[in-house]
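Novice: Would you mind keeping the following structure in view while I ask a few things?
The values are calculated or read from the model by the stated rules, or taken from the named source; none is laboratory data. Keep in mind that this is a model prediction, so the values were computed, not measured. Cβ placement follows ideal geometry from the backbone for every residue including glycine, while neighbour counts extend to all protein chains displayed. Keep in mind that these areas ignore ligands, DNA and RNA; they rest on the heavy atoms of the full protein, side chains included. Shrake-Rupley method; radii C 1.70, N 1.55, O 1.52, S 1.80 Å.
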Amino acid sequence: MKVILLTGATGFVGGQLLRELREGAYQIRLVLREGSQSGIGNMKGIESVITTPDLFSESSLWWEKACEGIDTVIHSAWYAEPGKYLQSDINLDCLIGTMNLVKGAAVAGIKKFVGLGTCFEYAMSDKPLTVDSPLEPLSPYAAAKAASFIFLSEYLRPKKINFLWCRLFYLYGENEDARRLVPYIRHKIMSNEPIELTNGNQIRDFLDVKDAAKAIIQAMEENVFGCKNICSGVGISVRELAERIADEFGRRDLLRFGVRQENLIDPPYVVGSRGK
């Protein structure tokens with residue numbers, strides 16, 4: 001039975017990946033931050049748990065030992081605090097730590113590496129973004145992700161390690177941080193408070209995180225390599241999304257469009273293509 005090493009299993013996306021892996025015929029080795037083990041629930045499918053104060057500070061030798069006997073690494077851990085992660089210096093730590101992880105994993109003899117990227121790596125366009133669209137990261141977060149992709153593409157190829165890079169679009173759903181858009185709207189409705197929003201004309205590609213995890217694991221199982229967009233392929237406006245959520249409660253009256261200032265660097269259109 002294949003053993004898969006998963007990082008970030010207590011996170012928004014990583015938690016769903018863990019759930020999907022538990023449904024498959026895998027043994028799972030987790031690398032977790034010390035003190036976070038309670039976040040994984042029961043030990044179904046867990047081969048072992050390795051803890052560390054900070055996985056991004058570990059050396060390649062540490063990762064070589066952690067990856068002994070591993071077939072596939074799924075690396076979902078990254079700094080992602082809403083409102084801070086795009087510009088944070090911690091992205092550099094995540095980039096360097098990821099390089100150490102991959103170096104150690106390669107020496108340990110893994111067969112496959114799955115990393116999570118972002119739609120923000122792309123140069124924004126008024127057309128759906130394909131995996132062949134040009135890259136133009138405009139934040140430290142996006143730049144660190146793009147740098148990871150570019151380096152790993154060249155580093156892993158001659159080592160005959162299958163490399164899959166999954167670019168995530170606008171995910172929402174279970175265990176989402178309360179500061180993000182969808183839970184913010186739901187919380188305000190449940191509290192019977194007005195919901196302050198921009199005009200909401202931005203077009204986005206929204207996808208439930210459960211569907212995203214299924215798509216990532218399916219691509220891994222089908223031995224897809226290179227880039228894959230994890231997206232719905234359908235664009236809707238932020239206004240339409242907010243109205244759909246409000247309609248679940250019959251509370252469109254709480255929506256206050258145009259109260260918040262528009263973000264001038266926020267692209268008007270971000271939609272992915274599920275094919276080439």
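Novice: Using just the helices of the chain, give the 222 nm mean residue ellipticity in deg cm²/dmol: DSSP H runs with n ≥ 4 each add -39,500 (n - 2.57), and the total is spread over all residues, rounded to 500.
Specialist: On the way: 7 runs with 90 residues, N = 276.
When only DSSP H runs of four or more count, the value is -10500 deg cm²/dmol.
Novice: On to the next question. Given the peptides 18-27, 151-160, arrange them by the average over their residues of other C-beta atoms within 10 Å, most packed first.
Specialist: With the highest mean Cβ count within 10 Å placed first, the list reads 18-27, 151-160.
Novice: Roughly how compact is the range 139-276, stated as its Cα Rg over 2.2 N^0.38 Å to two decimals?
Specialist: Details: Rg = 18.0 Å, N = 138, 2.2 N^0.38 = 14.3 Å.
Scaled against compact globular proteins, the figure is 1.26.
Novice: How far is it, in nm, from the label point at residue 93 to the one at residue 43 when both lie 7 Å from their Cα along the line to the Cβ?
Specialist: 3.0 nm
Novice: Here's something else I'd like to know. Could you calculate the FRET efficiency of residue 257 with residue 1 from 1/(1 + (r/R0)^6), where r is the beta carbon distance between them and R0 is 51 Å, rounded to 0.05? Walk me through the numbers on the way to the answer.
Specialist: On the way: r = 52 Å, r/R0 = 1.02.
The calculated FRET efficiency here is 0.45.
Novice: Against the 2.2 N^0.38 Å scaling, with N counting residues, where does the chain land? I'd like the Cα-based Rg ratio to two decimal places.
Specialist: Values: Rg = 19.2 Å, N = 276, 2.2 N^0.38 = 18.6 Å.
Ratio of Rg to 2.2 N^0.38 Å for the chain: 1.03.
Novice: Could you rank 188, 44 by how accessible they are, 1.4 Å probe, largest area first? Numbers along the way, then the final one.
Specialist: Values: 188 45, 44 105 Å².
Output order, biggest surface exposure first: 44, 188.
Novice: Obtain the nm distance between the two label points defined at residue 138 and residue 126 by a simple spin-label model: each point lies 7 Å from its Cα along the Cα-to-C-beta direction.
Specialist: So the label points at residue 138 and residue 126 sit 1.5 nm apart.
Novice: Expressed as an acute angle from 0 to 90° and rounded to the nearest 10, what is the orientation of the C-alpha long axis of helix 90-108 relative to the principal long axis of the chain?
Specialist: 30 degrees
Novice: Under a point-charge model restricted to the Cβ atoms of Lys and Arg (+1) and Asp and Glu (-1), what is the dipole moment magnitude of the chain relative to its Cα centre, in debye to the nearest 20? Working shown, then result.
Specialist: On the way: 33 positive and 34 negative charges, 99 e Å.
My answer is approximately 480 debye.
Novice: Would you list, by chain and number, the lysines whose Cα falls below 23 Å from the Cα of residue 103, excluding same-chain residues fewer than 8 positions away?
Specialist: Once the sequence-local lysines are set aside, what remains near residue 103 is 2, 65, 111, 112, 145, 159, 160, 228.
Novice: Taking H as built 1.01 Å from N, whose amide H comes closer than 5 Å to the amide H of residue 207, not counting residues under 5 places away?
Specialist: Those qualifying (amide H under 5 Å, at least 5 residues apart or on another chain) are 170, 171, 172.
Novice: While we're here: Please list 190, 124, 99, 220 in order of solvent-accessible area, largest first, computed with a 1.4 Å probe with all protein chains present. Intermediate results must be reported in sequence, preceding the final value.
Specialist: On the way: 190 140, 124 75, 99 40, 220 5 Å².
Highest to lowest solvent-accessible surface, that is 190, 124, 99, 220.
Novice: Averaged per residue, what accessible surface does the range 109-189 expose to a 1.4 Å probe, in Å²?
Specialist: On the way: 3710 Å² over 81 residues.
With all protein chains present, the range 109-189 gives 46 Å² per residue.
Novice: Now for a separate question. Suppose R0 equals 35 Å. What FRET efficiency, 1/(1 + (r/R0)^6) with r the Cβ-Cβ distance, do residue 223 and residue 179 give to the nearest 0.05?
Specialist: The calculated FRET efficiency here is 0.40.
Novice: Would you mind working out the magnitude of the charge dipole of the range 1-129 relative to its Cα centre, with +1 at each Lys and Arg C-beta and -1 at each Asp and Glu C-beta, to the nearest 20 Debye?
Specialist: Working: 12 positive and 14 negative charges, 79 e Å.
The dipole of the range 1-129 has a size of about 380 debye.
Novice: Sort 162-170, 262-270 by packing, meaning the average of other beta carbons within 10 Å per residue, with the highest value first.
Specialist: Values: 162-170: 21.3, 262-270: 12.6.
Ranked from most to least packed, the peptides come out as 162-170, 262-270.
Novice: If I compute solvent accessible area with a 1.4 Å probe over the protein chains, what percent of it on the chain is carbon and sulfur?
Specialist: Numbers: 6930 of 13500 Å².
Reported share for carbon and sulfur atoms: 51 percent.
Novice: What does the highest-first list of 55-61, 91-97 look like by mean Cβ count within 10 Å? Walk me through the intermediate numbers first.
Specialist: Details: 55-61: 16.4, 91-97: 18.1.
With the highest mean Cβ count within 10 Å placed first, the list reads 91-97, 55-61.
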